[in-house]
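Following: one structure in structure tokens, then a few remarks.
Readers should treat all values here as calculations from the given coordinates under stated rules, not as data from a laboratory. Just so it is clear, the structure is predicted and the values come from calculations on it, not from any experiment. Note that each Cβ is placed from the backbone with ideal geometry, even for glycine, and that neighbours are counted across all protein chains shown.
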Amino acid sequence: MLVPWSSASSLEAAERVVLLTFAVLAVCGLMRSWYNGIAGKRRSGNRKHTKEVSVGLPDPDPLAEFDLETATARNFVYANKTMRYPYHQTMAHQPMHINHWIEIDKEYKWYLDEKARVIKEHGKTVVDSLPENDEACGELLELLADYLPKRYPTLFKQHAPDSITNLVTGDRFDNVSQQKSTDALVIISRLVQDDFLMARERPDGKVYLVGGLVVFPGTYLLSETIDKPLGVLHAPVPDFNQKLLMSVERTLKRFKPNQPFERSSWNIMDDRNLFWHNIASGLPDKDLRPQDLWLRIDHQTFRKLPRTNAIIFGVRPIMRRIEDLADSPLVPSLMEKVHTESAEHLIKYKGIAKYGDLLLPYLRELTKSQIERGLISSEDDVRSFREFLKDRGMPVPSTQTSLAVPTESERRKARAGEPGGVADGMNERSFDVGYTT
Ligand code: HEM
């Protein structure tokens, strides 16, 4: 016996069955993709603490025997093309091994304490993020929380998933993957010596500074540079917009998360105040000994974040007192030539008018002493100061006066009862302090 609707025709009934089957299959398909979406999110949530941060680069090599008491950063006079003669404005960048992204040295505690002090005093002036950058701050923190225990297992531990403990300071940070914006940046300031400027390409095709942790800029402020494109940021930098801007922008837009690179820049400074050097707004102290001028080299690292596509520009100042260069063959002579033979506008921008009379005679003295000691001869070519070491099998000099200790110039000043110390240079500008930790 046939049921009533089937009496129309058996063909019609067959069509109904096929349609019904398709409908059921479609609903199942929808439900499966919905489930996969949820499950995928859950899976990636779990992966966050393991491999999601992976960017197609190998893990860094662990420094299992790392000794914080004696560790020194690489000497960037040699490691990058920072100091070069003849001196022109160039990108001078090179591919970066992942081991070199974050370097920690014996000054670690001092840097972190100093960072905390500056952040407390200057808040938003040094730590800030525009809304478009908030996610990237979290991603940067996740990348560091993944990297640090791998590279420095004696300094950092993951006691629980999604957490990082700093064994030096005793700080433990949980729910790392939930942090965003300046909260994430302040945690970063408790982990590494580096600052981070964060940049992003906007629809107009230009690259903008959209946030960062910029505690040790030395001569400029995050609050005055945030939300500006590279061309405006570098307006004071000689030759930048004419010679470098196009290639810098192209490189920053195109490079991939697995193509980190590095460069360095150098300046002469007159004190240990990494946040704001006295010389940035004043003249060096009249009694400053030339030995106690500093060569400040900023190691600059460039990474692209895979999830948010943010450009991460790490900056880590390394300070050497000029006297520390006494045993670096040809380097005092190289520095003198760079100052006296480069294009005037380049050296003027470095501030030679403020420190030249103090520095140059001392550099000549150091060169004379190197010749007298037989370390170099007057015929040696300063351009090959790197090969000089290699050819003689000499190690790269690592003398580096501790920043934690006042210089002889500072001690003399203190003995004379004059005001001095690291905070002096900061009084020259007023700051908009709207953020405290
Ligand atoms: C390969 C890329 C880059 C190159 C070659 C470069 C080059 C330079 C140079 C030569 C200076 C002058 C430093 C000195 O001699 O004292 C400078 C300053 C500066 N750069 Fe860059 N830069 C690059 C990327 C960036 C990025 C991505 C940002 C921001 C996100 C940035 C922000 C700044 C700022 C704020 C200054 C200080 C300007 C001032 O003195 O007012 N730079 N840069």
* Asked: Ranked highest first by the average count of other Cβ atoms within 10 Å around their residues, in what order do 125-135, 347-357 fall?
  -> 125-135, 347-357
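Out of every Cα-Cα pair in the range 331-394, what percent are more than 18 Å apart? Intermediate values should be presented prior to the final figure.
Details: 839 of 2016 pairs.
The calculated P(r) of the range 331-394 puts 42 percent of pairs beyond 18 Å.
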* Asked: With a sphere of radius 9 Å drawn around the Cβ of F302, what net charge do the other residues whose Cβ falls strictly inside it have (Lys, Arg +1; Asp, Glu -1)?
  -> +2
* Residue (of V382, P257, M246) at the positive-pole extreme of the range 241-399, dipole from beta-carbon charges -> P257
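Once the convex hull of the alpha carbons of the range 254-351 is built, what does its volume come to per residue, in cubic angstrom?
On the way: hull volume 14.5 nm³, N = 98.
About 148 Å³ per residue, rounded to a whole number.
How much net charge surrounds H159 when only the other residues with a Cβ under 14 Å from the Cβ of H159 are counted, with Lys and Arg +1 and Asp and Glu -1?
Values: positive: K157, R172; negative: D162, D171, D174.
Summing Lys and Arg as +1 and Asp and Glu as -1 gives -1.
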* Over every pair of different alpha-carbon atoms in the range 80-142, take the mean of 1/r and invert it; report that Kirkwood radius in Å. => 15.6
* To do: Quote the convex hull volume per residue of the range 177-291, based on C-alpha atoms, as a whole number of Å³.
  => 160
